Amino acid sequence: MTCKRVIIGLVAISALLALVAGCGEGSAPPPAPPANQKAWTLVWSDEFDGANGSSPDATKWNLETGGGGWGNNELEYYTNRTQNAYLQDGMLVIQALKETYTGPDNVRRDYTSARLNTAGRYELTYGRVEARLKVPYGQGLWPAFWMLGNNAGQVGWPGCGEIDIMENIGREPSMVHGTIHGPGYSGAYGIGASYSLPGEQRFADDFHLFAVEWELNVIRFYVDNNLYKTITPTNLPGGANWVFDRPFFIILNVAVGGGWPGNPDATTVFPQTMTVDYVRVYQRK
């Protein structure tokens with residue numbers, strides 16, 4: 001996420017047990033558990049087991065709203081409607097639609113989508129945070145699974161810190177990115193790495209497990225339990241502060257358009273969905 005996107009997102013902010021039986025037709029079986037799983041204890045999860053068509057659990061998630069571009073010239077209006085975020089067959093569906101929509105703030109957009117966060121409802125300091133999900137596909141789509149420091153409203157971004165567990169942009173169908181942002185290493189200067197599937201496979205074609213293991217002075221990034229990046233304070237620019245030592249909250253969203261992914265074009269098909277099987281948080285035993 002870019003600096004302006006997070007700053008504007010702050011204005012909209014209010015104030016994972018048994019695996020779902022079966023993987024669904026056409027989905028891959030879940031990846032093997034990490035070798036060190038015995039070191040972790042499940043402390044929070046959402047398995048998205050509510051009634052089909054219902055809204056996400058309001059005791060766990062806030063639905064952010066707005067269509068001001070989120071600082072990145074994004075084209076979507078985030079709504080709190082079940083057309084854009086709903087439960088289906090034990091999963092969360094975030095659906096981006098091509099439609100003319102005017103919000104209660106009289107902002108009019110040609111796309112809608114959803115952005116969920118756990119601010120004030122569940123926040124954590126350290127742990128393994130993971131989600132099994134399938135991303136959308138197409139030019140101009142920007143799905144993300146990430147975290148933001150809960151002091152964002154007080155110190156702003158990037159002082160609050162940001163951990164991007166997974167970002168994907170439509171023009172890179174085989175690649176995802178994991179990044180941290182903080183004071184002196186934000187925006188285009190964020191520290192991270194990318195992970196690519198072999199043989200030009202597309203992330204949108206199946207479910208994958210995205211995770212970070214966040215501990216004192218270290219953050220490790222995984223795709224399907226494959227470790228692909230480890231970041232410590234030694235990776236920061238000289239004089240920069242490590243700000244990953246306080247509570248963070250979790251965010252799931254699908255943006256449409258923006259400076260990084262570019263805008264949808266004639267090849268982009270709507271609706272597009274990000275389908276989330278579960279989100280789980282573990283702590284060290």
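Which of (1) surrounded by 15 or more Cβ atoms within 10 Å (Cβ to Cβ); (2) small (Gly, Ala, Ser); (3) within 17 Å of Gly184 (Cβ to Cβ) does Gly257 not meet, given it meets every other one?
(3)
Restricting the first residue to segment 174-196 and requiring it to be more than 19 Å from Pro237 (Cβ to Cβ), which pairs with a second residue that is β-branched (Val, Ile, Thr) and part of a loop (DSSP other than H, G, I, E, B) meet a Cβ separation below 9 Å and a spacing of at least six or different chains?
Short answer, once both residue conditions are applied: Met175/Ile169; Val176/Val135; His177/Ile169.
Considering only segment 238-254, state which residues are crowded, with 21+ Cβ neighbours inside 10 Å and within 26 Å of Gly50 (Cβ to Cβ).
Phe248, Ile250, Ile251, Leu252, Asn253, Val254
Only one of these is within 21 Å of the chain's Cα centre (by Cα), hydroxyl-bearing (Ser, Thr, Tyr) and modelled with pLDDT of 85 or more: Thr59, Thr41. Name it.
Numbers: Thr41 fails: within 21 Å of the chain's Cα centre (by Cα).
That would be Thr59, the only listed residue that is within 21 Å of the chain's Cα centre (by Cα), hydroxyl-bearing (Ser, Thr, Tyr) and modelled with pLDDT of 85 or more.
Where in segment 167-285 are there strands (runs of 3 or more DSSP E), lying fully within it, with 3 or more residues that are more than 25 Å from Asp89 (Cβ to Cβ) and among the hydroxyl-bearing types (Ser, Thr, Tyr)? Walk me through it before giving the result.
On the way: elements: 175-181, 191-196, 208-215, 218-223, 226-231, 248-256, 272-284.
Strands (runs of 3 or more DSSP E) meeting the threshold: 191-196.
Being at pLDDT 95 or above and farther than 23 Å from Gln95 by Cα is the requirement here; does Leu75 meet it?
Details: at pLDDT 95 or above: yes; farther than 23 Å from Gln95 by Cα: no.
So Leu75 does not fit the description; no.
Yes/no matrix, rows are residues, columns are (1) out of contact with any helix residue (DSSP H, G or I) (no Cβ under 9 Å at 6 or more places or on another chain); (2) surrounded by 15 or more Cβ atoms within 10 Å (Cβ to Cβ):
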position	(1), (2)
Val176	no, yes
His181	no, yes
Tyr185	no, yes
Ala188	yes, no
Ile191	no, yes
Tyr195	yes, yes
Gly199	yes, no
Val212	yes, yes
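Taking the criterion of being under 29 Å from Tyr282 (Cα atoms) and either touching a His at 6+ places or on another chain (Cβ under 7 Å) or in a loop (DSSP other than H, G, I, E, B) (or both), would at least one residue in segment 97-104 satisfy it? Lay out the reasoning, then the answer.
Taking segment 97-104 first, the residues under 29 Å from Tyr282 (Cα atoms) are none.
No, the conditions are met nowhere in segment 97-104.
Residue check: is Pro136 assigned to a loop (DSSP other than H, G, I, E, B), surrounded by 24 or more Cβ atoms within 10 Å (Cβ to Cβ) and under 13 Å from the mean Cα position of the chain (by Cα)? Can you show your working first?
On the way: assigned to a loop (DSSP other than H, G, I, E, B): yes; surrounded by 24 or more Cβ atoms within 10 Å (Cβ to Cβ): yes; under 13 Å from the mean Cα position of the chain (by Cα): yes.
For Pro136, the condition - assigned to a loop (DSSP other than H, G, I, E, B), surrounded by 24 or more Cβ atoms within 10 Å (Cβ to Cβ) and under 13 Å from the mean Cα position of the chain (by Cα) - is met.
Quick check: anything in segment 149-159 in a strand (DSSP E or B) and either modelled with pLDDT of 95 or more or within 23 Å of Asn235 (Cα to Cα) (or both)?
Yes - at least one qualifying residue is present in segment 149-159.
Residues checked against (1) within 30 Å of Glu213 (Cβ to Cβ); (2) touching a Phe, Trp or Tyr at 6+ places or on another chain (Cβ under 6 Å); (3) surrounded by 17 or more Cβ atoms within 10 Å (Cβ to Cβ):
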{"position": "Lys38", "(1), (2), (3)": "yes, no, no"}
{"position": "Phe48", "(1), (2), (3)": "yes, no, yes"}
{"position": "Gly53", "(1), (2), (3)": "no, yes, no"}
{"position": "Thr59", "(1), (2), (3)": "yes, no, no"}
{"position": "Leu63", "(1), (2), (3)": "yes, no, yes"}
{"position": "Gly69", "(1), (2), (3)": "no, no, yes"}
{"position": "Asn73", "(1), (2), (3)": "no, no, no"}
{"position": "Tyr101", "(1), (2), (3)": "no, yes, yes"}
{"position": "Arg109", "(1), (2), (3)": "no, yes, yes"}
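I need the full set of residues from segment 214-228 which are surrounded by 20 or more Cβ atoms within 10 Å (Cβ to Cβ) and either farther than 21 Å from Trp44 by Cα or among the charged types (D, E, K, R) (or both), in order please.
Those that are surrounded by 20 or more Cβ atoms within 10 Å (Cβ to Cβ) and either farther than 21 Å from Trp44 by Cα or among the charged types (D, E, K, R) (or both): none in segment 214-228.
Considering only segment 210-225, I want to know if a residue exists there that is under 24 Å from Asn72 (Cβ atoms) and among the basic types (Lys, Arg).
For segment 210-225, residues under 24 Å from Asn72 (Cβ atoms) and among the basic types (Lys, Arg): absent.
Is there a residue being under 16 Å from Leu252 (Cα atoms) and among the polar types (S, T, N, Q) anywhere in segment 122-135?
There is no residue in segment 122-135 that is under 16 Å from Leu252 (Cα atoms) and among the polar types (S, T, N, Q).
For segment 189-213, give me each residue that is in contact with a Pro (Cβ under 9 Å, 6 or more places away or on another chain) and modelled with pLDDT under 95.
Scanning segment 189-213 gives a single hit, Glu200.
The values are calculated or read from the model by the stated rules, or taken from the named source; none is laboratory data. Computed from a predicted model, the values in this text were never measured in an experiment. As a convention, Cβ positions derive from the backbone with ideal geometry for all residues, glycine included, and neighbour counts pool all protein chains shown.
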